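The structure under discussion appears below in the form of structure tokens.
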Amino acid sequence: MTNDSPSGLADILFSDKNSTKREIKKVHYEMDDMDGPKHKITNPMLFAKGREVLGNIISKRMKTSGGTDIDWLVEHNGGFMIFELKTFHDDRIVVSRAQMSAYERLYENLPRCHVLFMGHDDIDFKDLNDPVWLFEMRDWKSGKIPHVEDNLVDPAYGDSKIIGYKVERDFMELVNVKTLRDKIDQIWESFENKH
């Protein structure tokens, strides 16, 4: 096997012998007080208890299955930002079909809606220089992100198999935490202009 042979799904589907691996620009950002979190869970035990209680609504005796979640939803001046955070496993994230379907409906029906999918290697988003990979729903809808659907097992969903989509790291935009924050602020500022 030569170095030019495909090594993953991304290479097979969209091989370009002249392309090079994308890298984050070698700028180093220093943290200051303004880079601390704006919102904190003031009572983590109460927050965890609320999540646990919510999980108790659906019991084994019921026909209804469990649900999916939205990691972050922000509304500002009638515009919406929705974030979905995923940890990479084998250089890919997994989004269940149910979750993607819900995000597609929200994107189609909410005005000025941005859905951002963020993949990371189990970081805490405190270091401005840490890498994050992302794509937006518009990338998904346009076909820029391949729709690779399968029966999947992913640690984020426990031991059970789900029907969902595998999105490889190579198809996502590589940024750092600082650039991600700037992008989120740009979307927020676009909501300031009510059109």
*Just give me the residues in region 107-119 being closer than 19 Å to Lys144 by Cβ and open to solvent by 20 Å² or more (accessible area, probe 1.4 Å), in sequence order.*
Tyr107, Glu108, His114
*asked:* Yes or no: region 72-90 includes at least one residue that is at pLDDT below 70 and out of contact with any Leu (no Cβ under 9 Å at 6 or more places or on another chain).
replied: no
*Are any of the residues in region 124-131 aliphatic (A, V, I, L, M), in contact (Cβ under 8 Å) with a residue 40 or more places away in the chain and open to solvent by 10 Å² or more (accessible area, probe 1.4 Å)?*
no
*asked:* I need the full set of residues from region 176-195 which are more than 16 Å from Met81 (Cβ to Cβ) and not in a helix (DSSP H, G or I), in order please.
replied: Asn176, His195
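The values are calculated or read from the model by the stated rules, or taken from the named source; none is laboratory data. On a predicted model such as this, the values are computed, not experimentally measured, just so you know. Please note: Cβ atoms are built from the backbone with ideal geometry, for glycine as well, and neighbour counts cover all protein chains shown. Just so you know, the surface numbers come from the protein's heavy atoms only, side chains and all, with ligands and any DNA or RNA stripped out. Shrake-Rupley method; radii C 1.70, N 1.55, O 1.52, S 1.80 Å.
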